[in-house]
Amino acid sequence: MRRSMLFMPGNTPNMLINASYLGADSLIFDPEDAVSPAEKDAARILIRNTIRYMDLENQEIVVRINSIDTPFWQDDIDTVLPEKPNLLLLPKANRPQDVNLVD
């Protein structure tokens, strides 16, 4: 059961470092809206490394990828999927085909 869900901008190392101590049931790492286009690459690498190296075993790990109407979503998936997050969150999905494309 998710009692709390915490969105964390992917470009804030000080927040990501403390993710496991904040007590949220679900951590949602977000390289999307909160991150400027110039910081997208760095944010997704920071998110990948946080999932890889931090002790997050007691929390659900979610990555909110960039919308498919941007050039960033595929790189988001390619970077974080090897770390096996529990869930990918697709923002601004308007049609079933959007979900099928990401799948």
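What is the number of the single condition among (1) within 11 Å of the chain's Cα centre (by Cα); (2) of a type outside the set (S, T, N, Q); (3) part of a loop (DSSP other than H, G, I, E, B) that Leu88 does not meet?
(3)
Report, by residue number, each residue of the stretch 6-40 that is surrounded by 14 or more Cβ atoms within 10 Å (Cβ to Cβ) and either acidic (Asp, Glu) or part of a strand (DSSP E or B) (or both). Lay out the reasoning, then the answer.
Kept after step one, since they are surrounded by 14 or more Cβ atoms within 10 Å (Cβ to Cβ), are these residues of the stretch 6-40: 6-12, 15-16, 19-20, 24, 26-32, 34-35, 39-40.
Residues satisfying the conditions are Leu6, Phe7, Met8, Pro9, Ser26, Leu27, Ile28, Phe29, Asp30, Glu32, Glu39.
Check Arg44 against each of (1) assigned to a helix (DSSP H, G or I); (2) open to solvent by 60 Å² or more (accessible area, probe 1.4 Å) and name the one condition it does not meet.
With respect to (1) assigned to a helix (DSSP H, G or I); (2) open to solvent by 60 Å² or more (accessible area, probe 1.4 Å), Arg44 is out only on (2).
Somewhere in the stretch 57-70, is a residue modelled with pLDDT of 95 or more, charged (D, E, K, R) and exposed (fewer than 15 other Cβ atoms within 10 Å of the Cβ)?
The answer is no; no qualifying residue exists.
How many of the residues in the stretch 71-95 are crowded, with 19+ Cβ neighbours inside 10 Å and in contact (Cβ under 8 Å) with a residue 60 or more places away in the chain?
Total meeting the criteria: 0.
Taking the condition of being among the β-branched types (Val, Ile, Thr), out of contact with any helix residue (DSSP H, G or I) (no Cβ under 6 Å at 6 or more places or on another chain) and within 20 Å of Ala34 (Cα to Cα), how many residues in the stretch 62-103 meet it?
Of all residues in the stretch 62-103, those among the β-branched types (Val, Ile, Thr) come to 62-63, 65, 68, 70, 77, 79-80, 99, 102.
Then keep just the ones that are out of contact with any helix residue (DSSP H, G or I) (no Cβ under 6 Å at 6 or more places or on another chain); that gives 62, 70, 77, 99, 102.
Those left that are additionally within 20 Å of Ala34 (Cα to Cα): 62, 70, 77.
Summing the residues that are among the β-branched types (Val, Ile, Thr), out of contact with any helix residue (DSSP H, G or I) (no Cβ under 6 Å at 6 or more places or on another chain) and within 20 Å of Ala34 (Cα to Cα) in the stretch 62-103 gives 3.
Taking Tyr53 as meeting all but one of (1) open to solvent by 40 Å² or more (accessible area, probe 1.4 Å); (2) in contact (Cβ under 8 Å) with a residue 40 or more places away in the chain; (3) under 23 Å from Asp25 (Cβ atoms), write down the number of the exception.
In the conditions (1) open to solvent by 40 Å² or more (accessible area, probe 1.4 Å); (2) in contact (Cβ under 8 Å) with a residue 40 or more places away in the chain; (3) under 23 Å from Asp25 (Cβ atoms), Tyr53 misses (2) alone.
The values are calculated or read from the model by the stated rules, or taken from the named source; none is laboratory data. As the structure is a computational prediction, the values presented were derived from the model and not from experiment. No Cβ is skipped: glycine too gets one built from the backbone with ideal geometry, and neighbour counts run over all protein chains shown. Note: accessible area is taken over every heavy atom of the protein model, side chains too, but ligands, DNA and RNA are not part of it. Shrake-Rupley method; radii C 1.70, N 1.55, O 1.52, S 1.80 Å.
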